[in-house]
Amino acid sequence: MERKLASVVTIDDLQPIKDADLIEVATVKGWKLVVKKNEFRVGDHAVYCEIDSFLPLKPEFEFLRKSSYRKMGEQEGFRLKTMKLRGQVSQGLLLPVQVLEGYDYVMGEDVAARLGIVKFEPPVPAALAGICKGSFPSFIPKTDEERIQNLSKEFSSYREQVFYVTEKLEGSSATFYFNQGVFGVCSRNLELLESADNTLWKIARALKLSEKLAATGNNIALQGELIGEGIQGNPYALSGQTVKFFNAFDIDTQEYLSMPAFREVMKVLDLEPVPLLDENFLLPDTIAALLLLAEGTSMLSPAGKAVEREGLVIRSADRTISFKVISNRFLLKENN
Ligand code: ATP
Ligand code: MN
């Protein structure tokens with residue numbers, strides 16, 4: 001699913017912030033953000049820009065310069081990050097619908113392109129990027145997870161189920177597949193040409209992935225997170241690189257394996273899954289409470305050092321429900 005970075009929303013709630021006269025906290029779906037007092041009313045339509053939005057240099061966004069000016073490669077703009085104001089976590093930006101200059105929008109519509117908003121992406125190191133063999137195979141879904149803040153409508157129905165909880169690792173997405181006799185290696189968005197020094201191909205050889213996938217006798221893809229030296233600042237202080245897996249996808253049936261079946265495949269192939277924190281998890285009453293549970297120490301913390309975990313990925317056993325809960329404490333410390 002393409003992420004809707006900026007969309008038309010209805011403001012669900014506005015509440016005062018203790019000891020603050022000029023600002024208040026707005027609720028939009030499962031998101032909370034600080035806004036100027038009296039700028040909006042509950043029920044107003046507005047444009048909500050999520051964190052990681054990169055807004056263009058335009059006069060109407062100049063008020064963001066002090067807090068958010070960044071370059072992305074050569075491109076200048078304003079990057080929205082998680083902030084804390086007067087003790088209140090604030091994520092994203094609300095703009096009056098007037099920024100759409102009379103455009104006849106539909107509620108929920110993605111208006112990022114119309115406003116020149118793109119996603120802020122840090123540059124990819126060369127050894128990771130590799131040489132492109134082609135686009136991402138059409139017979140495998142790209143890895144992605146929706147944020148719980150965008151699932152506020154579904155949240156209460158999810159509370160009837162038990163879930164698998166894994167730690168969300170901070171690395172780079174990797175896909176390895178075996179399909180009709182052909183083994184392939186892909187980064188987040190591309191298939192990579194085999195080479196001696198590409199990190200993902202090196203790992204594929206080290207873990208004997210081609211042989212292991214072929215031995216399953218199925219057309220199958222494994223997807224995981226590449227972590228270690230040179231990747232996202234290597235928070236887990238690993239030497240070298242490795243992949244921890246989170247998905248197995250049956251290419252013939254076009255279905256992900258269930259969580260128990262996935263874990264069985266990991267055992268049989270002797271591969272490492274992402275850390276499992278709970279397999280009988282019940283959701284708390286609110287998204288706010290779940291966000292607090294996402295904060296914690298990584299299972300991959302090196303000895304003697306508590307590493308802030310990025311968050312959780314939560315899935316139903318049959319894997320039809322899957323979402324991420326990013327730790328706000330992690331986001332507030334993040335400095336890219
Ligand atoms: P966004 O959607 O927020 O713009 P993004 O699409 O780059 O960002 P991430 O925030 O990195 O995605 O979240 C999804 C990614 O998380 C997956 O593509 C996968 O690579 C990675 N990931 C890390 N740990 C796990 C895990 N335990 N389970 C599933 N995915 C995981
Ligand atoms: Mn995504």
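The values are calculated or read from the model by the stated rules, or taken from the named source; none is laboratory data. Source: prediction; values computed, not measured. In this analysis, Cβ positions are derived from the backbone assuming ideal geometry, glycine residues included, and neighbour counts consider all displayed protein chains. Ligands, DNA and RNA are excluded from the accessible area calculation, which covers all protein heavy atoms including side chains. Shrake-Rupley method; radii C 1.70, N 1.55, O 1.52, S 1.80 Å.
Quick one: is D21 assigned by TED's automatic domain parsing to the domain that holds A112, surrounded by fewer than 21 Cβ atoms within 10 Å (Cβ to Cβ) and within 16 Å of ligand 2 (Cβ to nearest atom)? Talk me through it step by step, then tell me what you get.
Numbers: assigned by TED's automatic domain parsing to the domain that holds A112: yes; surrounded by fewer than 21 Cβ atoms within 10 Å (Cβ to Cβ): yes; within 16 Å of ligand 2 (Cβ to nearest atom): no.
Spelling it out, it is not the case that D21 is assigned by TED's automatic domain parsing to the domain that holds A112, surrounded by fewer than 21 Cβ atoms within 10 Å (Cβ to Cβ) and within 16 Å of ligand 2 (Cβ to nearest atom).
Among what's in segment 157-177 and is under 30 Å from A288 (Cα atoms) and away from ligand 1 (no atom under 13 Å from the Cβ), pick the residue that is surrounded by the fewest Cβ atoms within 10 Å (Cβ to Cβ). Steps first, please.
Of the residues in segment 157-177, the ones under 30 Å from A288 (Cα atoms) are 157-173.
Keeping just the survivors that are away from ligand 1 (no atom under 13 Å from the Cβ) gives 157-162.
Values: S157: 10, Y158: 17, R159: 12, E160: 8, Q161: 14, V162: 12.
In this case the residue turns out to be E160.
Need pairs with beta-carbon distance below 6 Å; first residue in the same structural domain as R319 (by TED's automatic domain parsing) and within segment 260-275, second surrounded by 13 or more Cβ atoms within 10 Å (Cβ to Cβ) and among the small types (G, A, S); sequence gap 6+ or separate chains.
F262/A248; V265/A248
Taking segment 238-259, which residues are surrounded by 15 or more Cβ atoms within 10 Å (Cβ to Cβ), outside any strand (DSSP E or B) and either of a type in the set (D, E) or touching a His at 6+ places or on another chain (Cβ under 8 Å) (or both)? Show your work before the answer.
Taking segment 238-259 as the starting set, the residues that turn out to be surrounded by 15 or more Cβ atoms within 10 Å (Cβ to Cβ) are 238, 241-251, 256-259.
The next check asks that each one be outside any strand (DSSP E or B); those that pass are 238, 251, 257-259.
Selection gives nothing.
Considering every residue within segment 265-276, establish whether at least one is in a loop (DSSP other than H, G, I, E, B), surrounded by fewer than 19 Cβ atoms within 10 Å (Cβ to Cβ) and of a type in the set (K, R).
Checked against the condition, which is being in a loop (DSSP other than H, G, I, E, B), surrounded by fewer than 19 Cβ atoms within 10 Å (Cβ to Cβ) and of a type in the set (K, R), segment 265-276 yields no hits at all.
Sort out which residues of segment 79-103 are among the polar types (S, T, N, Q) and open to solvent by less than 70 Å² (accessible area, probe 1.4 Å), and write them in order of number.
T82, Q88, S90, Q91
Could you tell me which of the residues A174, A129 is among the small types (G, A, S), under 24 Å from E310 (Cα atoms) and away from ligand 2 (no atom under 16 Å from the Cβ)?
Working: A174 fails: away from ligand 2 (no atom under 16 Å from the Cβ).
None of the others qualify; the one that does is A129.
Taking segment 309-325, which residues are under 14 Å from N150 (Cα atoms) and open to solvent by 10 Å² or more (accessible area, probe 1.4 Å)?
I321, S322, K324
I'd like to verify a number: residues in segment 178-189 that are open to solvent by less than 30 Å² (accessible area, probe 1.4 Å) and either without any contact (Cβ under 8 Å) to a residue 12 or more places away in the chain or away from ligand 1 (no atom under 13 Å from the Cβ) (or both), how many? Step through it out loud before you land on a result.
Narrowing segment 178-189 to residues open to solvent by less than 30 Å² (accessible area, probe 1.4 Å): 179, 184-187.
Now narrow it down to the ones that are either without any contact (Cβ under 8 Å) to a residue 12 or more places away in the chain or away from ligand 1 (no atom under 13 Å from the Cβ) (or both): 179, 184-185.
Residues meeting the conditions: 3.
Hey, could you check segment 1-18 for residues that are open to solvent by 90 Å² or more (accessible area, probe 1.4 Å) and within 16 Å of ligand 2 (Cβ to nearest atom) and say which is nearest to E109 (Cα to Cα)?
K4
For segment 104-156, name all the residues that are of a type outside the set (A, V, I, L, M), within 16 Å of ligand 1 (Cβ to nearest atom), closer than 16 Å to I51 by Cα and open to solvent by less than 70 Å² (accessible area, probe 1.4 Å).
Answer for segment 104-156, where residues must be of a type outside the set (A, V, I, L, M), within 16 Å of ligand 1 (Cβ to nearest atom), closer than 16 Å to I51 by Cα and open to solvent by less than 70 Å² (accessible area, probe 1.4 Å): F120, P122, E145, E146, R147, Q149, N150.
Taking segment 141-165 only, how many residues are among the aliphatic types (A, V, I, L, M) and within 16 Å of ligand 2 (Cβ to nearest atom)?
Let us first name the residues in segment 141-165 that are among the aliphatic types (A, V, I, L, M), namely 148, 151, 162, 165.
Narrowing further to those that are within 16 Å of ligand 2 (Cβ to nearest atom): 148, 151.
Of the residues in segment 141-165, 2 are among the aliphatic types (A, V, I, L, M) and within 16 Å of ligand 2 (Cβ to nearest atom).
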